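Engineer: Handing you a structure now.
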């Protein structure tokens, strides 16, 4: 039941948000929005069916450490 609600919520949000962008021909915004929209949809779907999604904090921390080691100045 929760999975169906997640799908319906994203479907409704997608219709409300994406169609105006296509009509106004905002391709850059549409591509960026679609990428984040799909990622958030997949994470929400996985969480709704009970799959634990790892935190992105570990990945972000590794990137910060990598940049720190490169001595960016």
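Engineer: Limited to segment 50-71, what total is found for residues that are within 23 Å of residue 3 (Cβ to Cβ) and exposed (fewer than 10 other Cβ atoms within 10 Å of the Cβ)?
Structural biologist: Total meeting the criteria: 6.
Engineer: Kindly list the number of the only condition in (1) farther than 28 Å from residue 55 by Cα; (2) in a helix (DSSP H, G or I) that fails for residue 25.
Structural biologist: It fails just one condition, (2).
Engineer: Kindly list, by first and then second residue, each pair from a residue in segment 1-30 that is modelled with pLDDT under 85 to a residue that is surrounded by 10 or more Cβ atoms within 10 Å (Cβ to Cβ), limited to pairs with Cβ atoms under 8 Å and residues at least 6 apart or on different chains.
Structural biologist: Note: no pairs meet the criteria.
Engineer: Quick check: is even one residue across segment 46-64 touching a residue at least 24 places away in the same chain (Cβ under 8 Å) and part of a helix (DSSP H, G or I)?
Structural biologist: The answer is yes; a qualifying residue exists.
The values are calculated or read from the model by the stated rules, or taken from the named source; none is laboratory data. Note that this is a predicted model, so its numbers are computed, not measured. Cβ sites come from the backbone with ideal geometry, for glycine too, and all protein chains shown count toward neighbours.
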